[in-house]
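Read the structure below first, then the notes.
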Amino acid sequence: MSIRNKALLKIIILGDSGVGKTSLMNRYVKNKFTNQYKATIGADFLSKEITIDDRSVTMQIWDTAGQERFQSLGVSFYRGADCCVLVYDTNSPQTFENLESWRDEFLIQSSPQDPEKFPFVVIGNKIDMGEPAVSQKTVHTWCQSKGNIPFFFTSAKESQNVTEAFTAIAQNALKEEKTYNYYGGDIVIPDEDEDEEEEERQQGGCC
Amino acid sequence: MQNQNVDMKIVLLGSSYVGKTCLVDRFINDRFDSSTQQTVGAAFLTKIINTNDNKLVLGIWDTAGQERFESMSKMYYRKANAAIICYDVTDYDSFKKLQYWVDEVRENEKNCVIYFCGTKIDLLEDESDRTVPMEEIEKYADKMQITLFETSSKLNKNVNNLFLKISHNFIKKKNQKLNSKKMGNKNSTINIKNGKNQPNDEKGICC
Amino acid sequence: MTTLNEQQINENKDSENTSSLGINKDQIQEEKKENENEKQEEEKQEKKKEIEKENINNREIEKENEEQEKGNHENEKEEQEEEKQEEEKKEEKQEEQEKEEEEKEKEKEEEEKEEEEKEKEEEEEEDLSSVQVGEEDLKKKAENFNQQISQFRGRRYQKHEEEGIHDEKWRNHKKHYLVLTQAGKPIYTRYGSDSKLSSFICVPQALVAFVIDLGDEIKCLKADKHNIVFDIRGPIILVCVSKLDESTEQIKKQLKYLHSQIIFFLSIRGTEMLNDRPHLDLRSYLGGTTKFFDSLIHRMNSYDFITDSIKYLKLKPSIREKVASALRETKFKFLRFAILLTDSGIIHLTQTKKKPISTHDLFLLQNFSQDPAFRPNEIWSPLCLPDYNSKAFVHAYLNYIDKKQKICLLLISLDPTGFMDLKTQSEKVVKTLTQDGTLDKISHTLEKTESLSVKSLKIKKLRHFIYKNRENNQCFTMKPALPYTLKSERKRLYTLYKTTRSGLLLDSKIQNKQYSSTSEKEVLIATITDDYELYTVFHPLISKNEAIEGEVQVLNWIKKNEESLFSHNIQFW
C-alpha cells in the first residue's frame, strides 16, 4: 500500500436527537471512548481508518449535539467538512422532514464552494423497529431532488448496513476530492536592475 | 550559465514516492536503501562514465516529486539534455501524471530528450500485479515517441542500461551534429560557387 | 538590598506586574561582607523554598476531561536503567565527602561510555552507508538493514507512531505539540501518528471555537501540572501541552518557531490557501518535512535557543579570517547570504548590509542544513525565510565541503536559476580553503570542540555556564560537568535556565541585574547587563563568595578569549 495516498475526511453527522446518531457511531467505530465532550462543547469526535482502492483513509467523524446552545458553533464545526451525513429515524416521519432544514442549516453555516455538489448521504436508522413510517419512494424522491443524494437504511442495534453506509460515505467524499493547484509564495527570477540598485546603494551611501 | 565540467545534464521527474532517489542512488553509489525518505528540494549528483572511448561527465538532478515543487521544476530541466520521467509500476496515479511532465518538458525545453522509467518491477510477482497493463504503457510510449525502460533499483535491474542508453544517444546525437556541420561545410563551399547558402541538412547523413 | 528568590521568579512567570528588583555589581562587595548572615538566611530560605515548591499551584480553568487523559512521567527504559545505576553511584559519593580523585574516575567512565556510544553510532552510520545488496538473500539483508536504519534514525527523534490517544505511553510524554487547521485537520504532531490522533485533534479546535463564540480568544489552560498553550495564527492552530515547569511566554515562543517552520516550507501564502479551501490537508504539501519539525523541537532545548542567540564555533581568529575572505570572494549577483557552519556552531557569515539575517531565520537555516540526507550531495532548494520575506522564496545552495561531511557551505540567493553559478562559487571556496589547509584546521578544531568541557577551565566547582554577547547575539558554552551529562539532569537544567532568563527579562526597566538561586542540586548565578548575559552553575555546596568569584573567573576567561569565541566583524559585501 502506498504511504503517500493518505486521506483524511472530515465527516459531520447531523439529525434530530434520538434518531440514533451516537449508536450508529458506536457501532461503526467500536470505540469505547465516546460521549465525552458532547454535553460540554457540543460535539464528540471519533475516527476510523479504512482502506478504499488501495488508499488509507482516515474518517474523522464529528457527532454534533442538536442542542440550540451549540448552534452558533456550527460555523466552526462544519468548516472544512468533506461530507455531511443526515440521519433520521425510519419510524418517525418528523425526523425525516427535518432533514431539509438540517441540510439548509449546514449549507448556510459551512458555505462550501459548490453547494450543489457538496456530498451528502442520508441514513434512515432503526429499521429493526418495524415497518418504516416513511416510504422508500418518498426518501428516493427527496434525495434525487437534492442532487442525487445516496441513501441507506440501517440498524445500529442489529448492526445492519452500517459499514456499507459509511464506506459509501467515504467513497462519495473522495469522489469530490479535487486536486487543486498548489499556490505558494512568489518564485520569480529577480530583475537585474534590482541587484544593481542594491550595489549602488551599498557603494554610494555611507553608514 | 552552464558549468563547464558537466557534459550532459539529466533530470529525473515524476510523482513523489516513485523511487527517483533510489534510482540515482543505485546508479551512482550502487546501493539501495529502502528507508529513503522523500526528497526535499533537489540534489545534484555527478558521475563519470566511459563508453566506447568517450568519457562523459553526467550531471543528474534528483528532484522532489512533491506537488509544491512543481512550479520549481522548470529550473531543473532548463537546458537539460535528457529527462527521465518515472512512474511506479504498481501505482496508477503516478502513471497518470506522466502526461503532465511530458507536456511540461516539451513546452519548455524542446531539445530535451525524454525517457520513461517504470520503477519497482521487483514488486511484480506476475504481470497481473501491474496497475496498468504492459500493452497500454507501450502504446502510450509509442504514441509519445518516447523510449520506455522498466527498472528495479532494489534488485539492480536495468538501471545501468537506462543511463548508458541515454548517454549513448546523447553522444550519437552530438556526433551527428558534428558530422552534419562538416557535411554542411562541404555543401557551403560548393554553394559559395553557386552563390547560395544552404543550411545544415541532416537528412542524408548516416552514422 | 534585594535579591530575587525563587518565589518571586515564579510570581513573575505568571503575572505582568513585576516586583523583582535587581542590584548592580557594585553591591557584590557589600554582599561579601555580610557572608555569614546570608548563609543563615539562605538556609532558612532553602527550607522555605522546599515547602513553597510543593505548594505552588496555579489554577485558572480546570478541565476534567483533560485531567483524565494525562498521565505521569516519561520513561524511556534504557535511560531509566542507566540513570538508576548512575544515580546510585552519585548518592554514594555525596554521602562521603567529595574527593576529586573519585570524581575523575567516574568521569572517565562516563566519557568512555559516551565514546563507546558515539563509536557505536559512528559504526552504524558507516555500516549503513556502505551496504551492498546482492540478489540472493536480499530480503534478509534488506530487513536487517532497514531495522538498523530505523533504529538509528528512530533513536534520535522517536515518533512513537504506534501510539494513539488511549495509550498510556502517549499520555505520559512530558510535552506534546499539536498543529492543526481551523477545520480540525491535523498538520503535525510530535508524538503519535496523526491518523491515530485524528479524533483527539478536534478537541483543541473545538475549544478554540467555543471560546471565540464567547467573544474571546483562548490563550492557555492550566490543569494540575499541565500548561496547555494555544497559539492561533490565521488558519493554523498550534497547541502545546506541557508538564514541564515553563512559563506560557516560553511555550509561545516555541510555538512561534513551529509556525515559522511551516512558513519556511510553504511561505505565508501557502498557509493562506486554507482560507479559501478550509478542507485542505496541509500534510500533503508538507510531505517529507516532518523530520525538520522533529529536529527543530529537539533544538529548542539548546543554549542558543534559550538565550535567543546563535552559537558560534570557537576558532582561532586567523582561521576565521581566512574563511571570511574566502566567503567574501563568493560575491555574486543575487547572492544574499554566504554561511559556513557546523553542527557545533557557525564559523562565519557574510551578508548584504541592506537586509541582515535575523537570529530567528538563522536558527531555522541551521536546523534545515543539518539533515543527514543533505550530507552526501549538493542540494538546491527553495525555502522561505519568515523574517527576511515571508511571502517569497529564496533559494539555498547547500554543500558539505569536507570529507567527514561536517562543515556545510550555505549560499542563499534570490535567483532560482542560479545553481550552476553558486556551484562554481562553492568550488572556489573549497579550493581556497583546502589549499592552505584551513579546512583541515577547522576539522581538527571541530573534533576538539566536541570534547571541550567546562572542566578545562579549572574553575573550582564550576559545572556549566552560558555566555551571551548581547551586541551581536552570539553565545558560547561548553560541555557540562557531571551530573549534567545525564539527559534528565540536562533537561532539568534547561528548564532552570529558561525560567531564570524569562523571569529576569520581564522587567526591562532595570538594565543590570544579578540573580542567584540555591537548591539541593546546584547554585545558579545569572547576570544580565547591557553587553552580556552570563549564567553560571556550580556545585550546590559552594559558598556564595566562591560562586561569585567563580563567576568572575568565567567572565575573565571569556574576555580573554573573546577573539576566538565570537565573530566580531559580521562581514558585509
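When only DSSP loop residues count, what trypsin sites (Lys or Arg not before Pro) in the stretch C:367-418 have their Cβ near at most 12 other Cβ atoms within 10 Å? Could you put the intermediate results ahead of the total?
Values: sites: C:391, C:403, C:404, C:406; in loops: C:391, C:403, C:404, C:406.
For trypsin sites (Lys or Arg not before Pro) across the stretch C:367-418 that sit outside H, G, I, E and B with at most 12 neighbouring Cβ atoms in 10 Å, the list reads C:403, C:404.
Okay, helix-only estimate at 222 nm for chain B: each DSSP H run of n ≥ 4 adds -39500 (n - 2.57), divide by all residues, round to 500 deg cm²/dmol; what do you get?
-12000 deg cm²/dmol
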Rg and Dmax in Å for the stretch C:467-508, alpha carbons only: what are they? 12.5, 34
Would you tell me the mean number of C-beta atoms belonging to other protein chains that fall within 10 Å of each C-beta in A:50-58, as a whole number? 2
What are the semi-axes of the equivalent ellipsoid for the stretch C:299-375, taken as the square roots of 5 times the Cα gyration tensor eigenvalues, largest first, in whole Å? 21, 16, 13
R0 = 60 Å: FRET efficiency of residue B:37 with residue A:135, Cβ-based, nearest 0.05? 0.60
Just to be sure I understand the curve: with the Debye formula and one point per C-alpha of the stretch C:178-303, what is log10 I(q)/I(0) at q = 0.10, 0.19, 0.20 Å⁻¹? -0.29, -1.14, -1.27
In whole Hz, what ³J(HN,Hα) sequence does the stretch C:540-552 give by Karplus (6.51, -1.76, 1.60; θ = phi - 60°), x for Gly and Pro? x, 8, 9, 7, 4, 4, 4, 5, 5, 4, x, 4, 4
Given H placed 1.01 Å from N in the peptide plane, which residues other than close sequence neighbours of residue C:463 have an amide H under 5 Å from its amide H? C:537, C:538, C:539
Any chance you could tell me what percent of the C-alpha pair distances in the stretch C:316-441 go past 17 Å? 53
Extension length gain for residue C:428 and residue C:331 (0.36 nm per residue less Cα distance), in nm, is 33.8 nm
Under 5 Å from the placed amide H of residue B:11, counting only residues 5+ away or on other chains, we find B:61, B:82, B:83, B:84
When a footprinting reagent is the concern and you count Cβ atoms within 10 Å, what order do C:507, A:16, C:304 take, fewest first? C:507, A:16, C:304
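Using the crude model of +1 on Lys and Arg Cβ and -1 on Asp and Glu Cβ, and no other charge, please compute the dipole size for the stretch C:446-491 relative to its Cα centre, in debye to 20. The partial results should precede the final answer.
Numbers: 12 positive and 4 negative charges, 57 e Å.
So the dipole magnitude of the stretch C:446-491 works out to roughly 280 debye.
Just flag the trypsin sites (Lys or Arg not before Pro) in the stretch C:453-513 sitting in loop per DSSP whose Cβ has no more than 13 other Cβ atoms within 10 Å. It would help to have the intermediate numbers written out before the result.
On the way: sites: C:455, C:458, C:460, C:461, C:463, C:468, C:470, C:487, C:490, C:491, C:492, C:498, C:501, C:509, C:513; in loops: C:458, C:460, C:461, C:470, C:509.
Answer in residue order: C:458, C:460, C:509.
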Against the 2.2 N^0.38 Å scaling, with N counting residues, where does the stretch B:98-161 land? I'd like the Cα-based Rg ratio to two decimal places. 1.23
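Can you tell me the alpha carbon radius of gyration of the stretch C:503-573 divided by the globular rule-of-thumb value 2.2 N^0.38 Å? Can you show the working numbers first?
Numbers: Rg = 14.8 Å, N = 71, 2.2 N^0.38 = 11.1 Å.
Rounded to two decimals, the normalised Rg is 1.33.
If N is the number of residues in chain B, what value comes out of its Cα radius of gyration divided by 2.2 N^0.38 Å? It would help to have the intermediate numbers written out before the result.
Details: Rg = 19.2 Å, N = 207, 2.2 N^0.38 = 16.7 Å.
That works out to 1.15 for chain B.
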Over the stretch C:448-562, what lengths in whole Å, largest first, do the semi-axes of the equivalent ellipsoid take, defined as the square roots of 5 times the eigenvalues of the alpha-carbon gyration tensor? 20, 17, 15
Using the beta-carbon distance between residue C:440 and residue C:353 and R0 = 56 Å, what value does 1/(1 + (r/R0)^6) give for FRET efficiency, to the nearest 0.05? 0.95
So for the pair residue C:169, residue A:144, with labels modelled 7 Å out along Cα→Cβ, what separation do we get in nm? 5.5
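Where does each of C:381, B:71 land when they are ranked from fewest to most other beta-carbon atoms within 10 angstrom?
Ordered by Cβ neighbours within 10 Å, fewest first: B:71, C:381.
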Which far-off residues, 5 or more places away or on another chain, put their amide H under 5 Å from the one on residue A:8, with H placed in the peptide plane? A:58
In the stretch B:27-100, what trypsin sites (Lys or Arg not before Pro) fall in a loop by DSSP, with at most 15 other Cβ atoms inside 10 Å? B:79
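Based on the Cβ-Cβ distance of residue C:249 and residue A:177, what FRET efficiency does E = 1/(1 + (r/R0)^6) give at R0 = 45 Å, to the nearest 0.05? Numbers along the way, then the final one.
Values: r = 41 Å, r/R0 = 0.91.
Computed FRET efficiency for residue C:249 and residue A:177: 0.65.
All of the numbers you see were taken from the coordinates with simple rules; none came from a lab. Worth saying up front: this structure is predicted, and the values here are computed from it rather than measured. As a convention, Cβ positions derive from the backbone with ideal geometry for all residues, glycine included, and neighbour counts pool all protein chains shown.
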